[in-house]
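Below is one structure, written out as structure tokens, with a few remarks after it.
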Amino acid sequence: MKPEDIVKRASELRWKLPQDFHDRWVEKVYAESAQIAERNVQQKGTSHRLTWERRLDSLLTNRWTGGPIMVLMLAAVLWITIIGANVPSGLLANLLLDHGHPFLKDLAQSAHFPWWLSGVLIDGLYLTMAWVISVMLPPMAIFFPLFTMLEDFGYLPRVAFNMDHLFQRVGAHGKQALTMSMGWGCNAAGIVATRVIDSPRERLIAIITNNFALCNGRWPTQILLATIFLGVLAPPAVAGLVSAVAVLGVALLGVLLTFVTSWMLSTTVLKGEASTFTLELPPFRPPNILRTLYTSLIDRTLIVLWRAIVFAAPAGIVLWSICNIPLGDASLAQWLVHILDGPGWLIGLNGVILVAYIVAIPANEIVIPTVLMLTVLTTGVAGVGEQGAGVMFETSENATLAMLLQAGGWTTLTAVCLMLFSLCHNPCSTTIYTIYKETKSLKWTLVSTFMPIVIGIVLCGAVAFVWRMFSG
Amino acid sequence: MAQTSGANCSNCPASGGGKLERLGVKLGQSDFVIALAGNPNTGKSTVFNALTGLRQHTGNWPGKTIARAEGGFSLGGKKYKLVDLPGTYSLLSATEDEEVARNYILFGRPDVTVVVLDPMRLERNLNLALQVLQITEKAIVCVNLMDEARAHGLEVDARGLARDLGVPVVLAAARQGEGIQELLTEIDAMANGRSSCAPRKLSYDIGSVQESIDELAGALGEAFPNMPHREWVALRLLEGDPRIVEAVASGEIGVLAEDHVSTETINACSR
Amino acid sequence: MCQDTQTIMSEQIQIQHALKFLAECEYERQEVTPESIAAKLTLSPAEGAALLHNLQVAELIEPERIRLTESGRDYALHVLKAHRLYETYLAKKTGHHASQWHKLADEREHELSRQDVEKLDEELGYPRFDPHGDPIPSSTGEMPNKRGALLSTYPVGWVGRVIHIEDEPAHLYSRISQASISTDSIIRLEKKDSLEIVLYLEGERFSFPLEVAEKITVVELDAGEQLDETVQRLSRLPIGAQAQIVGMSSLCRGLERNRLLDLGVVPGTITVAELMNPSGSPVGYRIRGACIALRKEQADRIRIRNVEQ
């Protein structure tokens, strides 16, 4: 028989197959497996480990204890990350920014670099990269190992189990709770983590909505704005509380938006994508701490950091250039700020913020320094950031910052809208690239990029409109 | 026979220095290809790491390793390439992962396929192992996580298992490095043709199916005289598995039956 | 120009719908009248007559009576196959809801060429029945003989097997599918009056409007087969209780069915309900040594039998 004939004969014979043939075949293989397993495995005595595991399982998924444990774990991870990152971040900033930058400048001067070359390379490229490293590396180096340890222990599937009914209502998978939490560390890492969702539709939903998880590059922006604009509205005794609640409110708004957009996606564009649900609750395993540290550093932290640096470096060059390339009687940056002031006003922001966001697509970490630098550039306030145009800086003096921003025309509305816009804008370029790599689809990459920014513009526009209506 | 193309090249100076041995760098020229199959969450990646010295992250999540990882090691003067296949529960359904694993074992014809099993969930794991044994003659079963099994009070009879499955069985706890040496010895023996096995074949006596299978297997045997696993191919043909139908219709299945294929071909055929 | 193409398109679609209807009637051995065609395609009597005339001119139906010619039947079977295969595709490979399948297939069937249909057939592994239990014509145009009768023809207390569920109108179909009744369920007709019918299956009772009895085709059970009162749905298994899996309903299909089979949801497997989410779904079941969480809708489609601990 020729090959084609064999295929043809097979399709004729197919009609003789019982309809449940596939099921029966799997059943048969299983029956045989069960037989072999029974013959060759013996249970000696009762397993204490199993009883212990079941007890732990019911504790972690119980109606009364499951939720609180989840919240406590999350709070602990975030707290350790934020507190623990302060010191190394400070050290890195001191080393790379306070000492490394002047040192390189001196070096360039003694090597007789032309001013523009040392500007582009040291004030632009080097400074941005140093900034990203000092702000991004410490929290990620703490957050990811902690998360990985919970993962290795087997706790995360229990969280997915607890959260599934909420996510099911919006057409998503319980595991999205985890990719979302991972997004609070870094959206790019959160998107890579969606690999554990094996159903195509639910995975896409998790990828597209991950940007609403406020990432580590955006927490500082929120905290800063809440402190210097919202905290001061309250009496000093509760100022700290008010700003903390404001930041938490924005993070929770992100969770709400995750649910709303998941629901929208699953009932519209993703309606036809195939969907299945399987969630295996693996046995608990003691995490191997050293290995976890090593692998999460290599797998997650360094890879994400590397990509951020790769994307941030050109941004630094662009930033320095637009501040120093003159166009008529002002720099390119000033022109851009001027042009974008109008659209910015409409959504409660200003030109400086929009320019900062356009330049800062590579990394959210550099938004605030860029905003400060551009504000100095456009307002000409003296006394801060005098290193020159296109040089990012930050100051720990909140009063100085408030003064500077108020000189730039900032109000409480600007701060509120910026907090919202920081939650809802396009993902950073590392994340966009990761989305493309994971979905291999231009369409979904574009959807993930533009959906949040459209929501952000609408949200900020509405807030600005209502605000102005009531404040006259 | 299988290693002729590799053996020639391993002599030439450009085939990578000794330093690369345990670095897991892509070893283009290797003498043997070893595939690592297993259910998700059986510590398959830990076995992979123990063999290659690589540190691939292995989370306690079913289905963590999505992309296929490759690494290498050398043993007794021969270079081995180790391919970590995606963790799957079966080779029958049409998910992407399962297709990659299935096509690699069937069409890639690795020199040895190591199936990693979890003794605490042996029934489910044997389900995959038995399916693997239907499509390859050279398999080794590695019962991993023996440390956990002992904590659970389980005892595994390796010899009984080997007798029932018809392939060598190694008990291991890859995290502690236990059993890895034995596994290497078995791999070495099987790759070099010093051990042989007769994997347990399943019968297909469901309803009137056996007749159809026999007929198709006979026809396949005539068309492709050297083709192994005829019955399994006949079964998949009967069930209308698109990839197998295509491979039979184009005659590709016969070519693959003849010789060892390079990884490039496998990449192409796993689409 | 644009207007023209549109009229031609819709005319072709009309012809295809008419042919599909004729083929279905032929299979069901039902009489076709000009009125029934016009009603099916929601046309006026005049439009219906024009359509029949067109069919005759194209030699798709016989000149004297409303019967398919050889070429008409061939064309009709192609459209029928396209429709049913596409529904199977939607059921197996996409996440569209069951109530959407018919509508989507009605739109898509006209765009599929014979080659497309062959390719789809191959990709789906040559299925023989669509998700509603209708046979899909083979490449040589063969279909198994029609079996069964409508549920409405049977008295209260009758026990039998569902083999086909009509997918129109959509609101009735979605009610039937919500109750997880599938084309292999064994049911008992518990009650029938002028308003409603009550069906018993798998340990649960469902009441439906009377019209539903016209939408379900059933057959007598095979010799020796009976409705097993001990069979229930996995979703009813209380935490801590143990049961033996009897099988999965045909509503669980495609990727999902294969996944569950591979996880060990096969007849004979012993399972224990171990953990329940406070909201009732998902529930963690110990299946072949591992704890697998299943949602309520999935557990509804798995049949079990209680066994002693």
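Please give the net charge around residue C:293, taking every other residue with its beta carbon less than 10 angstrom from that of residue C:293, where Lys and Arg add +1 and Asp and Glu add -1.
Neighbourhood net charge equals -1.
To put it simply, the accessible area of the range C:149-219 at a 1.4 Å probe is 54 percent carbon and sulfur. Under the rule of -39500 (n - 2.57) per DSSP H run of 4 or more residues, summed and divided by the residues of chain A, what mean residue ellipticity at 222 nm is obtained, to the nearest 500 deg cm²/dmol? Dividing the helical sum by the residues of chain A leaves -22500 deg cm²/dmol.
Residue A:462 to residue A:442: FRET efficiency via 1/(1 + (r/R0)^6), r the Cβ-Cβ distance, R0 25 Å, to the nearest 0.05? Result of the calculation: an efficiency of 0.25.
Taking the longest Cα principal axis of chain C as reference, the axis of helix C:2-28 is set at about 60 degrees. Built from the Cα atoms of chain C, the convex hull projects on average onto 19.6 nm², one quarter of its surface area.
Taking only protein heavy atoms and a 1.4 Å probe, the accessible area of the range A:1-89 is 62% carbon and sulfur.
If the chain linking residue C:110 and residue C:219 were pulled fully straight, counting 0.36 nm for each residue of separation and taking away their Cα-Cα distance, it would gain 36.0 nm.
Relative to the dominant Cα principal axis of chain A, helix A:429-439 is inclined by about 20°. Multiplying the residue separation of residue C:35 and residue C:272 by 0.36 nm and subtracting their alpha-carbon distance yields 79.6 nm.
Extending 7 Å from the Cα toward the beta-carbon at both residue B:211 and residue A:109 defines two label points whose distance is 9.7 nm. Against the longest alpha carbon principal axis of chain A, how many degrees, from 0 to 90 and to the nearest 10, is the axis of helix A:398-407 turned? In chain A, helix A:398-407 runs at an angle near 70 degrees to the longest axis. Of the residues in the range B:146-195, those shielded by at least 50 Å² of accessible area once partner protein chains are present, compared with the chain alone at a 1.4 Å probe, are B:148, B:152, B:155, B:164, B:175. With a Förster radius of 22 Å, plug the Cβ-Cβ distance of residue C:24 and residue C:174 into 1/(1 + (r/R0)^6) and report the FRET value to the nearest 0.05. Calculated transfer efficiency: 0.55. At a probe radius of 1.4 angstrom, the accessible area of the range A:318-472 per residue rounds to 42 square angstrom.
By accessible area, using a 1.4 Å probe on protein heavy atoms only, the range C:241-307 has 53% of its surface on carbon and sulfur. For the range A:173-241, the solvent-accessible area works out to 25 Å² per residue, with a probe of 1.4 Å and every protein chain left in place. Relative contact order of the range C:231-306, taken over Cα pairs closer than 8 Å and 6 or more residues apart, is 45 percent. In this structure, residue A:402 and residue A:117 have a Cβ-Cβ separation that, at R0 = 41 Å, corresponds to a calculated FRET efficiency of about 0.70. Can you work out the PRE-style zone for residue A:87? Point 7 Å along Cα to Cβ, and I want the residues of the range A:144-185 with backbone N under 19 Å. Counting backbone N atoms under 19 Å from the label point, the list is A:144-146. Other residues with beta-carbon under 12 Å from the beta-carbon of residue A:163 carry, at +1 per Lys or Arg and -1 per Asp or Glu, a net charge of +2.
Beyond 27 Å, what share of the Cα-Cα pairs of chain A remains, rounded to the nearest whole percent? More than 27 Å apart: 62 percent of the Cα pairs in chain A.
Heavy atoms of chains B and A lose about 5800 Å² of accessible surface on contact, summed over both sides with a 1.4 Å probe.
Taken per residue, the accessible surface of the range C:149-219 reaches 40 Å², heavy atoms only and a 1.4 Å probe. Buried accessible surface for the B/C pair, both sides summed and rounded to the nearest 100, is 1200 Å² with a 1.4 Å probe.
On a per residue basis, the convex hull of the C-alpha atoms belonging to the protein assembly as shown measures out at 235 Å³. Over the Cα atoms of the range A:51-158, each weighted equally, I'd like the Debye log10 I(q)/I(0) at q = 0.17, 0.21, 0.22, 0.24 Å⁻¹, rounded to two decimals. Evaluating at q = 0.17, 0.21, 0.22, 0.24 Å⁻¹ gives log10 I(q)/I(0) of -0.84, -1.04, -1.08, -1.18.
For the interface of chains C and A, what total accessible area is buried with a 1.4 Å probe, rounded to the nearest 100 Å²?
3500
Could you check the spin-label model distance between residue A:58 and residue A:239? Points 7 Å from the Cα along Cα→Cβ, value in nm. Between residue A:58 and residue A:239, the label points sit 5.2 nm apart.
The values are calculated or read from the model by the stated rules, or taken from the named source; none is laboratory data. Note that the structure is a prediction, hence the values are computed from the model and not measured. With ideal geometry, Cβ positions are generated from the backbone for all residues, glycine too; neighbour counts draw on all protein chains shown. Each accessible area value is taken on the protein alone, full model and side chains, heavy atoms only, with ligands, DNA and RNA left out. Shrake-Rupley method; radii C 1.70, N 1.55, O 1.52, S 1.80 Å.
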